[in-house]
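Student: Before I ask anything, let me first share the structure, which is written out below as structure tokens.
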Amino acid sequence: MNIAVNPGRKIIGRLARGEDLLAALEKLALDHGITLGEVSAIGAVSQARVGYYNQAERKYYYIELARPLEILNLIGNISVKDGKPMVHAHVALGDKSGQAFGGHLAPGTLVFACEFTIQEYQSTKALVRQMDDPTGLFLWPPE
Amino acid sequence: MNIAVNPGRKIIGRLARGEDLLAALEKLALDHGITLGEVSAIGAVSQARVGYYNQAERKYYYIELARPLEILNLIGNISVKDGKPMVHAHVALGDKSGQAFGGHLAPGTLVFACEFTIQEYQSTKALVRQMDDPTGLFLWPPE
Amino acid sequence: MNIAVNPGRKIIGRLARGEDLLAALEKLALDHGITLGEVSAIGAVSQARVGYYNQAERKYYYIELARPLEILNLIGNISVKDGKPMVHAHVALGDKSGQAFGGHLAPGTLVFACEFTIQEYQSTKALVRQMDDPTGLFLWPPE
């Protein structure tokens with residue numbers, strides 16, 4: 001499945017220390033009424049929590065990284081789930097030895113410093129997440 | 001070497017489970033006639049194969065990651081090689097412990113779920129990959 | 001803090017072998033007079049040096065990765081510090097076993113091959129980095 005989109009608003013800025021990274025990005029989408037778009041960020045977190053999807057069990061497991069980490073990168077998108085903007089982002093993180101970790105950005109990842117971009121897309125068609133039976137994930141429609 | 005480009009079409013969507021990630025992105029470029037652009041993606045793969053270029057030997061080695069992994073991020077570009085659109089992308093991947101891996105995206109990386117963006121660029125000048133003697137890689141022209 | 005921006009010029013290209021990656025990106029921003037924007041890159045380096053910020057000590061530590069590595073991804077931004085364009089970028093790197101590393105891109109990271117994009121932003125308001133007391137980092141203003 002793919003759709004053509006046009007660029008909408010572009011918003012850049014910083015998040016406040018202590019904010020939950022995922023919740024802060026979703027709040028920005030909600031406050032600006034952005035239901036389709038792209039996000040990116042770099043910065044650092046005081047702790048992280050990332051998901052790994054067990055494809056055989058069709059279940060997310062969460063990994064707690066209870067230490068300060070650099071955000072090597074965060075990329076993701078904004079679309080609609082349950083009638084609200086949902087941010088789906090993945091994150092790579094680096095520790096004090098330079099070792100990298102990462103996964104699906106989950107609640108519980110706390111901002112130390114973070115610079116983000118949000119690119120809104122305009123489209124004649126909304127992208128709405130719905131349960132995808134083959135994977136067990138909330139995905140965009142297959143066609 | 002650098003050129004100024006203008007934005008062309010933007011396409012976003014999801015890839016189908018089981019597709020070869022690199023081949024699927026190249027097929028999208030080919031189907032849409034995109035010969036210059038940028039790609040990004042997040043998602044998960046059922047297995048991955050990534051290249052590492054041995055700079056001294058001037059030779060790619062391939063690393064098989066024969067297990068389900070999160071796509072922490074994929075970024076890359078589209079330009080022309082041998083008269084066809086070629087996707088050059090690098091990928092970072094996360095395993096069930098949150099450990100990160102990655103390299104040059106190679107054939108043999110299979111989609112479990114994947115959300116991508118393709119941004120076409122318009123330019124008065126095509127970017128064509130050609131053998132670059134100093135590195136042994138197919139790169140854009142130096143000037 | 002967040003601001004709305006409009007797209008300006010987009011420049012893509014390759015860096016020359018042996019260049020310092022961060023200095024080369026900053027030179028591009030300076031040469032093109034870009035004071036606000038976004039950067040991305042993939043490629044390979046002959047050696048890397050990345051920063052990790054110790055949040056408790058409020059001090060950067062630098063990690064030397066004295067070996068050839070793939071640039072899994074580099075993302076970052078351009079804004080103003082001390083009256084000049086400053087590139088703030090984070091980088092993820094992969095070694096010959098596919099293991100990933102990364103941090104805050106620091107001087108001493110040398111290009112083997114690198115393909116970059118720079119997206120200029122236009123804004124009525126400049127983003128200027130200044131010392132942020134709560135973190136000890138040079139950040140954009142909180143409001």
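Rundown of residues vs (1) of a type in the set (Val, Ile, Thr); (2) crowded, with 18+ Cβ neighbours inside 10 Å; (3) closer than 27 Å to C:VAL5 by Cα, yes/no style:
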residue	(1), (2), (3)
C:VAL39	yes, yes, yes
C:ARG67	no, no, no
C:ILE71	yes, yes, no
C:ASP82	no, no, yes
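Student: Right, another one. Of the conditions (1) of a type in the set (Ser, Thr, Tyr); (2) part of a strand (DSSP E or B); (3) more than 14 Å from the chain's Cα centre (by Cα), C:THR117 satisfies every one except a single condition; which number is it?
Tutor: (3)
Student: So, in the stretch B:82-111, how many residues would count as being more than 14 Å from chain A (Cβ to nearest Cβ), under 14 Å from B:ARG67 (Cβ atoms) and not polar (S, T, N, Q)?
Tutor: Here the count works out to 1.
Student: Could you please give the count of residues in the stretch A:70-93 that are under 16 Å from A:PRO107 (Cα atoms) and more than 13 Å from the chain's Cα centre (by Cα)?
Tutor: Residues that pass the stated criteria total 1.
Student: Kindly establish whether B:THR124 is under 30 Å from A:TYR53 (Cβ atoms) and hydroxyl-bearing (Ser, Thr, Tyr).
Tutor: Judged against the criteria, B:THR124 is not a match.
Student: Please note which strands (runs of 3 or more DSSP E) are completely contained in the stretch B:39-99 and include at least 2 residues that are of a type in the set (Ser, Thr, Tyr).
Tutor: Output list reads B:59-65.
Student: Go through the stretch C:5-38 and give me each residue that's closer than 15 Å to C:VAL128 by Cα, part of a strand (DSSP E or B) and out of contact with any Asp or Glu (no Cβ under 7 Å at 6 or more places or on another chain).
Tutor: C:VAL5, C:GLU38
Student: In the stretch A:105-127, which residues are surrounded by fewer than 16 Cβ atoms within 10 Å (Cβ to Cβ) and of a type in the set (Val, Ile, Thr)?
Tutor: A:THR124
Student: Scan C:ALA56, C:ALA66, C:ALA48 and give me the residue that is in contact with a helix residue (DSSP H, G or I) (Cβ under 9 Å, 6 or more places away or on another chain), more than 19 Å from C:ILE118 (Cβ to Cβ) and not aromatic (Phe, Trp, Tyr).
Tutor: C:ALA48
Student: Are any residues in the stretch B:39-63 among the small types (Gly, Ala, Ser) and within 11 Å of chain C (Cβ to nearest Cβ), and if so, which ones?
Tutor: B:SER40, B:ALA48, B:GLY51, B:ALA56
Student: So the check is Cβ under 6 Å with 6+ separation or different chains; which pairs have a first residue in the stretch A:1-30 that's within 11 Å of chain C (Cβ to nearest Cβ) and of a type outside the set (A, V, I, L, M) and a second one that's buried (at least 18 other Cβ atoms within 10 Å of the Cβ) and not in a strand (DSSP E or B)?
Tutor: Here the result reads A:ARG14/C:TRP140, each pair linking the stretch A:1-30 to a residue that is buried (at least 18 other Cβ atoms within 10 Å of the Cβ) and not in a strand (DSSP E or B).
Bear in mind that the values in this text are calculations on the coordinates, not laboratory data. Just so it is clear, the structure is predicted and the values come from calculations on it, not from any experiment. Neighbour counts are summed over all protein chains in view; Cβ atoms, including those assigned to glycine, are modelled from backbone coordinates with ideal geometry.
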